[in-house]
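A short write-up of the structure that comes next.
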Amino acid sequence: MQLASRLEKNINKQAAVAIATEIIQNEALFTELWATIRTGEPPLPRRAAWVLESVVARAPWLWQRIYDEAVEVIQEEQHHGAIYRNLMKLFAEQAVPERHESFLYDLALQWVLLPQKPVAVRAQALSLAAKIAAPIPELREEVLLVLQEILEWGEAAIQSRGKKIGKRFSKRS
């Protein structure tokens, strides 16, 4: 498989899943996929990030290989919003190593409060912050305070996700 040539086409969900299947069957392609996300020419990185989501859903051990690098990537400012959205989603859906919890929690809350960040990125960041905060009462309270603020001015996606998190956290407090 020529990954770059496959990603050059405007892919759909079915194509992303097919590419992900090939990557899982040939893990050497995973390195190529990750390199494309990090250094590829647009629009390949954002398409590769979409494929990464499908790969990790079925092969989470591959995510663990690049976790530390993924934390570095979200700190870089030169990527397309889709890359940040997909990485935040993966952080929120997969186990967060303790060594990264504090940094990712702080970053997620910062991003939630930045109106210039794309809405989808902020929504995924809110999910990540809530996931990390869930077992810690003090952090749940902090997330609830942030929710009070963003529910006043946030977009529909943020308000919807925020209300669900708020209900879940209010029941636990």
### Task
Output the residues belonging to the range 100-147 that are assigned to a helix (DSSP H, G or I) and polar (S, T, N, Q).
S102, Q110, Q124, S127
### Task
Specify the residue that is nearest to T39 (Cα to Cα); the eligible residues are those in the range 1-20 that are among the β-branched types (V, I, T) and touching a Ser or Thr at 6+ places or on another chain (Cβ under 8 Å).
I19
### Query
If you go through the range 58-77 one residue at a time, do you hit one that is more than 24 Å from Y105 (Cα to Cα) and modelled with pLDDT of 95 or more?
yes
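The values are calculated or read from the model by the stated rules, or taken from the named source; none is laboratory data. Note that the structure is a prediction, hence the values are computed from the model and not measured. Every residue, glycine as well, gets a Cβ built from its backbone with ideal geometry; the counts of neighbours run over all protein chains shown.
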